[in-house]
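First comes the structure, then the notes that go with it.
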Amino acid sequence: MDYLTTKELSELKGCSMQILQKQIKNGKIFAEQQLHPQNKQLCYMIPVSALSEDLQAKYYRQKRTESGVLPEKTNNKPEEKTAFKYRLKGVKKAFEEFSESERTEIKFWTDLLTQWQSERSERKDKTEFDKLFVAHQKYLNPNLEISTDILYRKYSAYKNECYSDLVDKRGGWNRGNSKLDDDGIIWQNFLNIFLEQSEPKISKCYRMVCAFVAEEYPELVEEIPSEACFRRKIKTIPFAVLEYSHKGDKALHDHCVPYANRKKRNVYANDGWVMDNYTFDVIVKQNDDSEKTRRLYITTVLDVKSNVLVGWNITESPDSNSTLDALRFAMHRFGIPKRLYFDNGREFTALDIAGEQRNRKVSKDKKGNIPVTIVEKLGIELVFAKVRNAQAKVVERIHRIIKEQYCTAQYGYCGGNIVERPEILKQNIKNCTIETEAELRETFADFADNIYNVQPYGSSESKYKGMTLIDVWNASIAETSLRKASDETLDLLMLRNAGFQKVKRNGVFITYHGEKVWYYDKNVTWQHIGEEVCVRYDRNNPSTVRLYDREDRYLFTWECADWLTLEYFGESKEKIAELGRGQADVIRQVKARAKELRGDSNFTQKDGLRYLSAQNAGKFNIQFPKNIIMVVGNKEPEERIAVGAEDSCIIDPQRMLRNIESRRNK
């Protein structure tokens, strides 16, 4: 494709460069930013194909004139058949279809042929002169491939406007042609094994296809081209197809699928912050005297409008505590944002941060039982990134800058993989020249504010041209409002939530580093056993907890009751005695309160029964109805005879009783 500089286009159009540059900036003329072919500086280059038809025709007329090429025929007479003395391989093409290098070659041969014909016309021995002319040109241009035969053929092509035959096509005459048919058995079976995510080598696939064809289609063995032919054919496969076949859906989406260009015109500073975690590509030691090494993590907070790194937190593990620490540090410096863009990791979807907005399942016992989250208390809207869509988070680009500009400058730089790991790392670790954790925290803070945040702003918004990132944030925040909170307020708003729980006989608890920690107030707790409260705590100082009711009203602050936790065996007598004193204190208070509630009255339950009986005396009265039915008893039972002995024995119950009584008296 041909390109023009702004100077060349201004001369072609007959206008000033200032007007032309203004039209390019306003989008009236399409231009691309490229390196200038001479001074190698970035400038606007305008494709000739983007110009109007009149300007394109004017440009190519100038080029034809400069090249000495004959003008195209404009008459409508039927073309007369021209006798070609030499067979022409080229196809007749318009001058505009040739590349710049091909035009240069056409101009060379046009000038040479014109010179040859001019000198030849003055000679009588023309055939002998042609040999002398060719020999002289070989002397002047040793690298020129020329002979009388080539000279005649070139001139025939020039006379018949077959300029393609003036171009040297050696090494590329059959470019674009292949012995492999797209629908052929050989190529199709090759693609079946080559386009797999295992990314097999071309040479391996070639050998496998050769073996397959020899076994299944022996008649096609002679048609199998060389491996180089397969390699050339693979270059015709679209990059997107190779990326999807070899690397899957994510690579296709990240590298080939078009993405949305989000405009920041109506976005202001603090309208949105993006958070994510990054593993430092730096190995550090705990302190100067320690030989133990490890890699730390950083939780970064980035302003969407200005790309300023507003806050961060360097930690041993990227958990929800690090998320809140980084967020608190950012809000302490730049105020409270309107929105937060979160990843879908557990460090961002913790129950007391995201609540029911998180993309995670909530257990049945917690549904509808989630207290006010930290983000809700701060009045921040949450937005979660699409799963497996790193392009949506501009903070990912900042992590690459941190790696390239900061991590690589450290003695403990280890790279993102084994290939990037420098050889000198082992020596630095052995000599203990790598950085300590404290040095990493200090130097990164200096890099973030004094190097990264003061670099030029690279967005397309022209009004911020020439400004640094922090200057853009300052200019943008001046056009809107800033929400700010004191350190004490932030401490309260960012307390961790342990959720709702009922006060138990041991008080309330939180789970800290996998263990239950109980909190108790000897004067208050026993009065609220069974009541439901929300427990909040500062994870940096879990010595106390704050209790709130369902309406998020503050109730109490209770201290850690470590005296309630004893070792199963071997506990000290002092700890056991402390537990006994605490239990006795609670018992004494309960009894005192019970006595206080009873007062000085001597009223007992017996007194109550007596008073109740006296009060109801005379109320018990049985009343018979007028209609009474008398029940008459049966006659004395007749003498019974044992079954089967009706004729021999008579049973007398009275006699049996007398016999039993007489036996007892004996």
Among the listed residues F348, F280, F342, F334, identify the single one that is over 24 Å from P371 (Cα atoms), of a type in the set (F, W, Y) and open to solvent by less than 10 Å² (accessible area, probe 1.4 Å). F280
Would you point out the residue of segment 479-498, among those that are among the polar types (S, T, N, Q) and within 30 Å of R262 (Cα to Cα), that is most open to solvent (accessible area, probe 1.4 Å)? S481
Filter segment 428-448 down to the residues that are without any contact (Cβ under 8 Å) to a residue 12 or more places away in the chain and charged (D, E, K, R), then identify the one that is farthest from S317 (Cα to Cα). K430
Take the conditions among the hydrophobic types (A, V, I, L, M, F, W, C) and without any contact (Cβ under 8 Å) to a residue 40 or more places away in the chain and apply them to A260. Does it pass? yes
Need the failing condition index for N523 against (1) open to solvent by 80 Å² or more (accessible area, probe 1.4 Å); (2) in a helix (DSSP H, G or I); (3) polar (S, T, N, Q), just the number. (2)
Lone unmet requirement of (1) in contact with a strand residue (DSSP E or B) (Cβ under 7 Å, 6 or more places away or on another chain); (2) at pLDDT 70 or above for Y60: (1)
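Here's the yes/no breakdown for (1) within 17 Å of V167 (Cβ to Cβ); (2) open to solvent by less than 70 Å² (accessible area, probe 1.4 Å):
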{"site": "R123", "(1), (2)": "no, no"}
{"site": "D130", "(1), (2)": "no, yes"}
{"site": "V134", "(1), (2)": "no, yes"}
{"site": "I150", "(1), (2)": "yes, yes"}
Among the candidates I186, I193, single out the residue that is touching a Cys at 6+ places or on another chain (Cβ under 8 Å) and either of a type outside the set (S, T, N, Q) or modelled with pLDDT of 90 or more (or both). I193
Going by the conditions given, is E243 surrounded by 10 or more Cβ atoms within 10 Å (Cβ to Cβ), without any contact (Cβ under 8 Å) to a residue 60 or more places away in the chain and touching a Cys at 6+ places or on another chain (Cβ under 9 Å)? yes
Given the conditions (1) more than 20 Å from the chain's Cα centre (by Cα); (2) at pLDDT 80 or above, every one holds for A350 apart from (1)
Output the residue which, of all residues in segment 246-276 that are in a helix (DSSP H, G or I) and surrounded by fewer than 14 Cβ atoms within 10 Å (Cβ to Cβ), is nearest to the chain's Cα centre (by Cα). K250
Taking K154 as the residue in question, decide whether it is open to solvent by 90 Å² or more (accessible area, probe 1.4 Å) and part of a helix (DSSP H, G or I). no
Would you call F556 surrounded by 12 or more Cβ atoms within 10 Å (Cβ to Cβ), in contact with a Leu (Cβ under 7 Å, 6 or more places away or on another chain) and farther than 30 Å from K403 by Cα? yes
Considering only residues of segment 466-501 that are in contact with a Pro (Cβ under 9 Å, 6 or more places away or on another chain) and part of a loop (DSSP other than H, G, I, E, B), which is nearest to R546 (Cα to Cα)? M467
Checking E100 against (1) modelled with pLDDT under 80; (2) acidic (D, E); (3) surrounded by fewer than 10 Cβ atoms within 10 Å (Cβ to Cβ), which test does it fail? (3)
Looking only at segment 205-237, which residues are open to solvent by 100 Å² or more (accessible area, probe 1.4 Å) and not in a loop (DSSP other than H, G, I, E, B)? R207, E215, E216, E219, E222, E223, R231, R232
Cβ pairs under 7 Å, 6+ apart or interchain, first in segment 386-403 and under 15 Å from R262 (Cβ atoms), second at pLDDT below 75 and in a helix (DSSP H, G or I), ordered by first then second residue, are K386/A392; E396/A390
Counting only residues that are open to solvent by 20 Å² or more (accessible area, probe 1.4 Å), closer than 19 Å to F447 by Cβ and either assigned to a helix (DSSP H, G or I) or at pLDDT below 90 (or both), how many does segment 375-432 have? 11
Go through A584, A617, A594 for me and flag whichever is loosely packed, with under 10 Cβ neighbours inside 10 Å, free of Cβ contacts under 8 Å to residues at least 12 places away in the same chain and in a helix (DSSP H, G or I). A594
Residue match in segment 455-478 (condition: in contact with a helix residue (DSSP H, G or I) (Cβ under 8 Å, 6 or more places away or on another chain), loosely packed, with under 15 Cβ neighbours inside 10 Å and among the basic types (K, R)): no
Could you list, in sequence order, the residues of segment 284-306 that are touching a Phe, Trp or Tyr at 6+ places or on another chain (Cβ under 8 Å) and open to solvent by less than 40 Å² (accessible area, probe 1.4 Å)? L296, I298, T299, T300, V301, L302, D303, V304, K305, S306
Residue among K516, K502 that alone is open to solvent by 70 Å² or more (accessible area, probe 1.4 Å) and either within 30 Å of V267 (Cβ to Cβ) or in contact (Cβ under 8 Å) with a residue 12 or more places away in the chain (or both): K502
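The values are calculated or read from the model by the stated rules, or taken from the named source; none is laboratory data. None of these values were measured; they are calculated from a predicted model. Cβ: placed from backbone, ideal geometry, glycine included. Neighbour counts: every protein chain shown. Quick note on the areas: whole protein, heavy atoms, side chains included, nothing else; ligands and nucleic acids left out. Shrake-Rupley method; radii C 1.70, N 1.55, O 1.52, S 1.80 Å.
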